[in-house]
Amino acid sequence: MIRILVKRLASSIGLYIYLSCAAHAAGLTGPLREALMQTGVPPEGVALYVKEIGAARPILEHNVDRAMNPASTMKLVTTLAGLELLGPSFVWRTEAWLDGTLNGDVLEGNLVLKGYGDPRLTLEEFWLFLRDLRARGVRDIRGDLVLDRSLFAVEEIDPGRFDNDPTRPYNVGPDALLVNYKAVRLQFIPMEQTGDVRIIATPDLPPISIVNQLTLGPAPCDVWPERPAADPLQSRLTFSGVFPYGCGEKQRSFSLLSRNQYLLTLFSQLWREVGGTFQGGVHDGLVPERARWLTTWESPPLAEVVRDINKFSNNVMARHLFLTLSLTIANPPATTENAARAVRAWLLRDHLDFPELSMDNGSGLSRSGRISARHLADLLAYAWRSPLMPEYVSSLPIPGVDGTLRRRMGESSAAGHAHIKTGYLDGVRAIAGYVADDHGRTFVVVSLINDPHAINAQSFQDAVIEWVYAQAGRCCRE
């Protein structure tokens, strides 16, 4: 009799869980509904999809077929396409050519640099490139610096067009010969003995003027003058106000110079540091047929670049990768139109038909980008089955551990149990990725919010991750 009662009780519990799962699949659960209400975002502004890897059906879906702006979670599409179409060992090149006669260590002519879209030609990498060039016998350059950017068909863009913040490096446009993201990193060091703040610029470029009017004082750590008064025409940044003395050092990067002025100034400075001399100017051009190849620099492999793109949500690098995809279906110059065609063809090849997908730059820094929560989840499920899954999943930030989520959800029980890409624009908040529970089950999770109150929705999306970690596994598995 006891065995029969236990069996009936188990059946009743199983039926309850089954019905609960069915309710979840039809819409938001009670706790998540309550968390959403606190944000001021209406249910129609939210898309939410949760599905266990390998399950036949999702355990939660809400508004999943609406085409929505995914913000930076669009990078999930770009980076997976890059890994599969280019391969994890793909590298970008930067070449140096001599357009003139090399007499001993004197170049009587121009030095030509040709870029192939390297998205991670940092200050350190560029210095090593020039050091290699110097070691190959060139010291005195008596011509100009010629920059061949012809691989990308992109024009100068207005860096303030997107959000009226033209000095931020994420607004820098793609450039086949982009060096150090065209940025200067400023370190803010509080000097408690003198009551002021020291600002150190790296690289310290003469055309850029830093006006430091900061004083130390009491203030919350998240309130400090990270947005200075900027005068791009004069290449000047003015910092004023109170810097919070109890928060330690801070750093921010800014972009003020035109791409040619930046590269000329940086090249001249670094070339002197490696023992060279140069007094020429700079202009765009092509590698002449008469030019002689001198050396080639290679980027880190794509698997490393993808990690930088997703862990730190690097928009410029994502745009470079996106444009590079254009070259898989068409000859140079690379265009965003051909890049979008390449991504769509790749998706269709793998039976992923996303008719609502709209990609204009591949980074998600866009007002027109669109994808549905269902299809973004389908992409993540496909990636989990891909041979390149380890490279892809490991590129996503881990809540409470690293990347853009290093300081988020650190006190949550779900910290360290998820790989999640985030996205944020005015009116948009998004998360997409994988959550693992303590029973070895992994879930695909996508939440897209498009609403004027989206700025308040971080707590809701954190609650989604926590719910999946703690509760989703209790739902029935078909």
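Among the residues of segment 124-136, are any modelled with pLDDT of 95 or more, assigned to a strand (DSSP E or B) and more than 22 Å from ALA183 (Cα to Cα)?
no
With the structure loaded, tell me whether ALA430 is closer than 27 Å to ALA81 by Cβ, in a helix (DSSP H, G or I), touching a residue at least 12 places away in the same chain (Cβ under 8 Å) and among the small types (Gly, Ala, Ser) or whether it fails that test.
The answer is no for ALA430.
Based on what the data block shows, is SER363 farther than 14 Å from GLY82 by Cβ, within 20 Å of the chain's Cα centre (by Cα), modelled with pLDDT of 95 or more and hydroxyl-bearing (Ser, Thr, Tyr)?
No.
Has segment 84-100 got any residue that is under 22 Å from ALA418 (Cβ atoms), in the same structural domain as VAL446 (by TED's automatic domain parsing) and touching a residue at least 60 places away in the same chain (Cβ under 8 Å)? Break it down stepwise before answering.
As a first pass, look at segment 84-100 and keep what is under 22 Å from ALA418 (Cβ atoms): none.
Checking segment 84-100: not a single residue is under 22 Å from ALA418 (Cβ atoms), in the same structural domain as VAL446 (by TED's automatic domain parsing) and touching a residue at least 60 places away in the same chain (Cβ under 8 Å).
Is one or more of the residues making up segment 88-103 closer than 30 Å to ASP378 by Cβ and assigned to a helix (DSSP H, G or I)?
So far as segment 88-103 goes, no, none of its residues is closer than 30 Å to ASP378 by Cβ and assigned to a helix (DSSP H, G or I).
Restricting to segment 157-215, count the residues that are of a type in the set (S, T, N, Q), out of contact with any strand residue (DSSP E or B) (no Cβ under 8 Å at 6 or more places or on another chain) and in contact (Cβ under 8 Å) with a residue 60 or more places away in the chain.
Residues that pass the stated criteria total 2.
Do we have any residue at all in segment 100-122 that's out of contact with any Gly (no Cβ under 8 Å at 6 or more places or on another chain) and modelled with pLDDT under 95?
no
Could you look through segment 59-83, keep only residues that are more than 20 Å from SER363 (Cβ to Cβ) and in contact (Cβ under 8 Å) with a residue 40 or more places away in the chain, and pick out the one that is surrounded by the fewest Cβ atoms within 10 Å (Cβ to Cβ)?
ASP65
Can you tell me how many residues in segment 384-421 are part of a loop (DSSP other than H, G, I, E, B) and either under 19 Å from the mean Cα position of the chain (by Cα) or in contact (Cβ under 8 Å) with a residue 40 or more places away in the chain (or both)? Give the derivation first.
Of segment 384-421, the ones part of a loop (DSSP other than H, G, I, E, B) are 386-388, 394-402, 406-417.
Subset that is either under 19 Å from the mean Cα position of the chain (by Cα) or in contact (Cβ under 8 Å) with a residue 40 or more places away in the chain (or both): 386, 388, 394-402, 406-409, 412-414, 417.
So the answer is 19.
Taking PRO206, is it in contact with a helix residue (DSSP H, G or I) (Cβ under 9 Å, 6 or more places away or on another chain), at pLDDT below 95, over 30 Å from ALA219 (Cβ atoms) and assigned by TED's automatic domain parsing to the domain that holds ARG227? Steps first, answer last, please.
On the way: in contact with a helix residue (DSSP H, G or I) (Cβ under 9 Å, 6 or more places away or on another chain): yes; at pLDDT below 95: yes; over 30 Å from ALA219 (Cβ atoms): yes; assigned by TED's automatic domain parsing to the domain that holds ARG227: yes.
Spelling it out, PRO206 is indeed in contact with a helix residue (DSSP H, G or I) (Cβ under 9 Å, 6 or more places away or on another chain), at pLDDT below 95, over 30 Å from ALA219 (Cβ atoms) and assigned by TED's automatic domain parsing to the domain that holds ARG227.
Surrounded by fewer than 21 Cβ atoms within 10 Å (Cβ to Cβ), of a type in the set (Lys, Arg), on the phi < 0 side of the Ramachandran plot and outside any helix (DSSP H, G or I): is that true of ARG374 in this structure?
no
Would you point out which residue out of GLN193, GLN187 is surrounded by fewer than 17 Cβ atoms within 10 Å (Cβ to Cβ) and in a loop (DSSP other than H, G, I, E, B)?
GLN193
Give ALA432, ALA463 a once-over and let me know the one that is over 16 Å from the mean Cα position of the chain (by Cα) and among the small types (Gly, Ala, Ser).
When all the criteria are applied, what remains is ALA463.
Looking for whichever is touching a Ser or Thr at 6+ places or on another chain (Cβ under 8 Å), in contact (Cβ under 8 Å) with a residue 12 or more places away in the chain and among the basic types (Lys, Arg) here; the options are ARG227, ARG252, ARG236. Which one fits? It would help to see each step written out before you state the result.
On the way: ARG227 fails: touching a Ser or Thr at 6+ places or on another chain (Cβ under 8 Å); ARG252 fails: touching a Ser or Thr at 6+ places or on another chain (Cβ under 8 Å).
Selected residue: ARG236, the only one of ARG227, ARG252, ARG236 that is touching a Ser or Thr at 6+ places or on another chain (Cβ under 8 Å), in contact (Cβ under 8 Å) with a residue 12 or more places away in the chain and among the basic types (Lys, Arg).
Mind checking whether some residue in segment 124-132 is surrounded by fewer than 17 Cβ atoms within 10 Å (Cβ to Cβ) and in contact with a Pro (Cβ under 6 Å, 6 or more places away or on another chain)?
Quick first cut of segment 124-132, residues surrounded by fewer than 17 Cβ atoms within 10 Å (Cβ to Cβ) only: 124, 128, 131-132.
Remaining after also requiring in contact with a Pro (Cβ under 6 Å, 6 or more places away or on another chain): none.
Within segment 124-132, none of the residues are surrounded by fewer than 17 Cβ atoms within 10 Å (Cβ to Cβ) and in contact with a Pro (Cβ under 6 Å, 6 or more places away or on another chain).
What's the total number of residues in segment 433-449 that are in contact with a strand residue (DSSP E or B) (Cβ under 9 Å, 6 or more places away or on another chain) and either within 19 Å of ALA56 (Cα to Cα) or part of a loop (DSSP other than H, G, I, E, B) (or both)?
Final tally of qualifying residues: 11.
Just wondering, is there one or more residues in segment 289-304 that are buried (at least 18 other Cβ atoms within 10 Å of the Cβ), closer than 13 Å to LEU113 by Cα and among the aromatic types (Phe, Trp, Tyr)?
Step one: filter segment 289-304 for residues buried (at least 18 other Cβ atoms within 10 Å of the Cβ), giving 291, 294, 297, 299, 302-303.
If we keep only those that are closer than 13 Å to LEU113 by Cα as well, we get 291, 294, 297.
Still in the list and also among the aromatic types (Phe, Trp, Tyr): 297.
Among the residues of segment 289-304, at least one is buried (at least 18 other Cβ atoms within 10 Å of the Cβ), closer than 13 Å to LEU113 by Cα and among the aromatic types (Phe, Trp, Tyr), which makes the answer yes.
Give the residue, chosen from ALA345, ALA318, ALA340, that is assigned to a helix (DSSP H, G or I), within 20 Å of the chain's Cα centre (by Cα) and surrounded by fewer than 24 Cβ atoms within 10 Å (Cβ to Cβ).
ALA340
Which residue is surrounded by the most Cβ atoms within 10 Å (Cβ to Cβ), if the candidates are limited to segment 242-253 and must be in contact with a strand residue (DSSP E or B) (Cβ under 6 Å, 6 or more places away or on another chain) and assigned to a strand (DSSP E or B)?
PHE243
Can you tell which of LEU147, LEU178 is within 30 Å of GLU298 (Cβ to Cβ) and part of a strand (DSSP E or B)?
LEU147
The values are calculated or read from the model by the stated rules, or taken from the named source; none is laboratory data. Just so you know, these numbers come straight off a predicted model, no measurement behind them. Positions of Cβ are backbone-derived with ideal geometry, glycine not excepted, and every protein chain shown enters the neighbour counts.
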